[in-house]
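Written out below as structure tokens is the structure these notes cover.
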Amino acid sequence: MDDVDDTQLVLMARKPAAEMFPLLRRTSALSPLLMLICVLPPLAALQMRNQTEADALWGLRAIELKSVPVQTQIISPPREGAAGALRSQPPLGTWLTIALLRLTNADTTLALIAVSYAATAASVFMFVQVLRVAVSEKAAFWGAILGGFQGSLLVLAGRCGPSSLGVFFALTAMWGFLGHIERGSRRHWLKLVGGGASLGACILSGGPLATGILVILLLYVLGLRGQSLSRKQWSGPKPIAVWAGWPALKSLGLLTLIGVLVGGWWPTLRHRDEPNFLANWPLGVAEATVNDLPSTTIDATSSDGSAFVRVLPLLGPMLALTLFGIVRSSLAAAISQNERRRRGQMLLLAWILVSGAAWWSLTGQPNASPFVIGLWEALLSLGLAGVGAVCLDDIATRRISMPLAVSVSVAGVIVLVSAGWAERVPEIIREGGWLLGVIAAAGAGVAIWKLLDSASDRDVRHRIVLGALIVAHVGTAAAFGLRSTRVTTEDDQALATFTRQLPAGRNVTDIILLGHPSRIPLRIRLAVRASCPNAVEHFADSWETALSLALDAPPDAPRTLLAVDWQSRESRAATLQASGLQVTPSPSLQFFEGVPLRAFMVRRVIAQSADFNPSVGGLATAE
């Protein structure tokens, strides 16, 4: 019998470190909370609904194609307007939006973003399911919190561009494949078939994101190790051992085949019209240039600054834990003896590697598609949230010691401050609300110190510190994510006020936009078109041309016009002398991009004077 020294006896007598949250052993009991996390944060982000010029282009595309048959959109998509600019972009999100506009009487503004909101909430749900299958139930709980409050995903909930729809189908395809190979029973073949169908839908909604998902799953399969018995040889006298990844590789091939059959027809048709379409497919096809659209909406967003500064907004307060988690995941994928844990870490690493490389390469392209950049950024942010969730789970289950967890967190705070992260703190905190934060932090510190002082057991003290640390990380990550969706500019506020002042335009027959189509911002056009969905859009270079449209209408079919003036000169309420027209301005004048913006309702109230000639200058102005 081997001798045991006193040190070993002390270690054997010491109680194992207790878990922080024993309730997480039964995560099914927390399902209602998880559903709320999936639904409520996107709903909060929906309140802002700040559209970019690229998102406005998607909203105009749905409105323009509302009355166009689907078969026409597929066979010969329009080449003018917003629909022409986006003719090479995935069509499924627009089709769902058009169906919603046709089948319901919902408000057009809400209908344009309903698909994005539903897809964002569903993406968080599917992200949780992927973590459950690939990692663990407990990590999925933390992933629900970090993913549900991920700002890069939440901001998509109120956008007309359906980027989150592609993310949802990508995650569903991943979940179907992983669920099949982890549990290879016959009934789980349905998950593989559903995953293949989702991959096809991802082709139709996310474009190159489908290729990225296949690369991620391929890297995951190639990283599998060990051997398994060939099923064909089970009934024979000598079973043959094969590479454990071979069955998974065949399943991946079947998944790809199903996906191509479901959604591969659309890129094939586009390639027939545009020979370079498939060559540009992996990184996304940029929006086409159309003469009647502003050129600034076609150019992609290029990012300046170092790599750290560009990735910083995706990590936020979880910077230190996420980077530390990547290091731990790399070690676990290389040397861990727990095969399930190793597989989960390997999937997250492949996820971050592929989506990060695609996002990085696109942000440096001068003419990349903003829609595709948003796809990869959302997918990358979820991968980073997954690594952070695993790290939080390791802290909660005491796999990471208290001194190490505190050291990593303190180092993260130092890095964030030295990198100028304080510039990203909300204005309310920097301009005076910081005092409340200092008081709250001091109070929390005193409370933790009192708890530590009253705790006699060393393990209890460690649990108090780790619990406070987890709450701080989760709370700051949630606040950072929600705050990132509420960043507005003066132009956003001016446009929101202008939109609220627009009349309920169900009876408006025509929309007159004063100015050249290539100079009017698409956000203004979308706001007006969404308020008057049944009106016909016109452009006029002067008020005389605009008002003559109402005068040319027959007396038995008078027109009601909504004129929008966005000119460099001062906008004034215009009326006509003895013209038979009444021009009513909106309540207040707004300034969008430094230019006056105002709307006018133009109605015909009396018969037109015979001697009136708009070109002569029959305009009179009155405030």
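What follows is calculated from the coordinates using simple rules that are stated; it is not laboratory data. Every value quoted in this text rests on a predicted model; they were computed, and no experiment measured them. A quick note on method: Cβ atoms are made from the backbone with ideal geometry, for glycine too, and the neighbour counts reach across all protein chains shown.
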| For I400, what is the net charge nearby, where nearby means another residue's Cβ is under 9 Å from its Cβ and Lys, Arg count +1, Asp, Glu -1? | +2
| Ordered by packing density, taken as the mean number of other Cβ atoms within 10 Å over each peptide's residues, highest first, how do 582-588, 340-346, 148-154, 525-531 rank? | 148-154, 525-531, 340-346, 582-588
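Compute the signed sum of charges (Lys and Arg +1, Asp and Glu -1) over the other residues within less than 15 Å, Cβ to Cβ, of T172.
Working: positive: R132, K191; negative: none.
It works out to a net charge of +2.
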| request: Give me the net charge of P587's neighbourhood, meaning all other residues with Cβ under 10 Å from the Cβ of P587; Lys, Arg count +1, Asp, Glu -1. | output: +2
| What's the center-to-center distance, using Cα atoms, between region 80-119 and region 126-203 in Å? | 23
